[in-house]
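The values are calculated or read from the model by the stated rules, or taken from the named source; none is laboratory data. These figures come from a predicted structure and were not determined experimentally. Cβ coordinates were reconstructed from backbone atoms using ideal geometry, including for glycine residues, and neighbour counts include every protein chain displayed. For the accessible areas, the whole protein counts, side chains as well, though only heavy atoms, and no ligand, DNA or RNA atoms are used. Shrake-Rupley method; radii C 1.70, N 1.55, O 1.52, S 1.80 Å.
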Amino acid sequence: MSPAEQLKIMKSRTEKFIGEAEILKRLEAGKTLRVKLGVDPTRPDLTFGHMVVFQKLRQFQELGHQAVLIIGDYTTRIGDPTGKSETRPVLSEAEIEENAKTYLEQAYQILDPKKTEVRRNSEWFGKMSFLDALQLSRRMTVAQMLARDDFAKRHASNTPISIVEFLYPLLQGYDSVMLKCDIEIGGSDQLFNMLVGRDLQEQEGQPPQAVLGMPLLVGLDGEKKMSKSLGNYIAFNHGAKDMFGRIMSVPDTTMWVYYDLLLLCAPEEIAELKAGHPMEAKKQLATRLTDKFHGAGAGTKERAEFENVFSKGGVRTDMPEFAWEAVSGGAAEVGIVDLLAATNLFPSKKEIRRLIEGGAVKIGEDKVSDPALKVTKPAGEWVIQAGKRTFVKVK
């Protein structure tokens, strides 16, 4: 493939490509590019928002270039201030390590592990002296940092900004110096941090990296960036049932963005899908994405279950089953909240009460409206529905 053809593929589905001419020259010289993507293990799961940048990195692998995945075990101790209106909570070393455990397993659902160089930035930051850190901090001014939109807003509103947050862009940029990267990939909200890397490389006498700013994936609410803190996300590790159901909750207008950024569909295919019924298009989207993470056939199975529940008024045929003794503690009578909490299918008793008060819990056909309701051992079995997607059988 010619350098010009490669460049066209690299630019596809990006919002910003800074340093394009420099990359073309390196391609024309026959250079294998080192392409960096960094992820901080602030939480244990990767989301579909990460999928956008991981798929771009995979594209570089397919073009024959070197993917460099940085697990930011050191930068996580600061927390990326991008888009944050307040200082992030500090994670312990143990929490960071626990979160990082499954990152590679999840990342390799997209990336080719044989073509991925994995590094942790504690490799170099863990060896830095305090004097080294001071020398690095000299590289930028407070005025330059306050040029960042999120810092500027916090400063104008007298919201605290810790000095250590100012260091984060410098640390991210220094990763590029240590790895001699040619390109860095990130969300479009990362442009400031990635450009710091470009500046630091020039100061070190290195060829500066190009910067690829990728679109930010909209979450399930159809409005805000996908975020675990907002609850509008789909994780790589969500079960097939939950993943399918969450995708089906995406607004129709957002669905086409998912076809484009997650399934990488051609405009002609999306236009053809738009000409049909939106419900069918959404079922196809959910089926294909569920298959991608859970294997061929998983999406088709979940579609059949979904249609049975929502189109035919049935119940799921693969719901978890519990013996009365297991969820009642052996008591003859137990509160409905305690019973459902004992299944470990809900994040908290507070969430169960919220579902009951919202009229979203039924035992058989009978709606439960009182969180204080006590129930006795069923003569045969119950099917309890909580919310749209959770069904439980108690025998």
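For segment 1-119, which strands (runs of 3 or more DSSP E) that fit wholly inside it have 1 or more residues that are closer than 22 Å to residue 168 by Cα and in contact with a Lys or Arg (Cβ under 6 Å, 6 or more places away or on another chain)?
On the way: elements: 16-18, 34-39, 66-71.
Result: 66-71.
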With the requirement that a residue be within 12 Å of residue 247 (Cβ to Cβ) and free of Cβ contacts under 8 Å to residues at least 60 places away in the same chain, what does segment 295-310 give you?
299, 303
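For segment 256-308: of the residues being of a type in the set (Val, Ile, Thr) and surrounded by fewer than 18 Cβ atoms within 10 Å (Cβ to Cβ), which is farthest from residue 9 (Cα to Cα)? Step through it out loud before you land on a result.
Pass one, segment 256-308, residues of a type in the set (Val, Ile, Thr): 257, 270, 287, 290, 300.
Still in the running and surrounded by fewer than 18 Cβ atoms within 10 Å (Cβ to Cβ): 257, 270, 300.
Working: 257: 19, 270: 19, 300: 32 Å.
Among residues in segment 256-308 that are of a type in the set (Val, Ile, Thr) and surrounded by fewer than 18 Cβ atoms within 10 Å (Cβ to Cβ), the one farthest from residue 9 (Cα to Cα) is 300.
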Being in contact with a strand residue (DSSP E or B) (Cβ under 9 Å, 6 or more places away or on another chain) and closer than 27 Å to residue 133 by Cα, is that true of even one residue in segment 211-227?
yes
The residue that is modelled with the highest pLDDT, considering only those in segment 134-170 that are open to solvent by 20 Å² or more (accessible area, probe 1.4 Å), closer than 16 Å to residue 193 by Cβ and assigned to a helix (DSSP H, G or I), is 137
Please go through segment 187-213 and pick out each residue that is of a type outside the set (S, T, N, Q), open to solvent by less than 10 Å² (accessible area, probe 1.4 Å) and over 20 Å from residue 126 (Cβ atoms).
194, 196, 210, 211, 212, 213
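Please determine whether any residue of segment 338-346 is in contact with a Leu (Cβ under 7 Å, 6 or more places away or on another chain), free of Cβ contacts under 8 Å to residues at least 60 places away in the same chain, part of a loop (DSSP other than H, G, I, E, B) and surrounded by 12 or more Cβ atoms within 10 Å (Cβ to Cβ).
Our first condition is that a residue be in contact with a Leu (Cβ under 7 Å, 6 or more places away or on another chain); within segment 338-346, this holds for 346.
Going one step further and asking which of them are free of Cβ contacts under 8 Å to residues at least 60 places away in the same chain, we end up with 346.
Those still in the list that are part of a loop (DSSP other than H, G, I, E, B) too: 346.
Of the ones still in play, those that are also surrounded by 12 or more Cβ atoms within 10 Å (Cβ to Cβ) are 346.
Yes; the residues of segment 338-346 include at least one that is in contact with a Leu (Cβ under 7 Å, 6 or more places away or on another chain), free of Cβ contacts under 8 Å to residues at least 60 places away in the same chain, part of a loop (DSSP other than H, G, I, E, B) and surrounded by 12 or more Cβ atoms within 10 Å (Cβ to Cβ).
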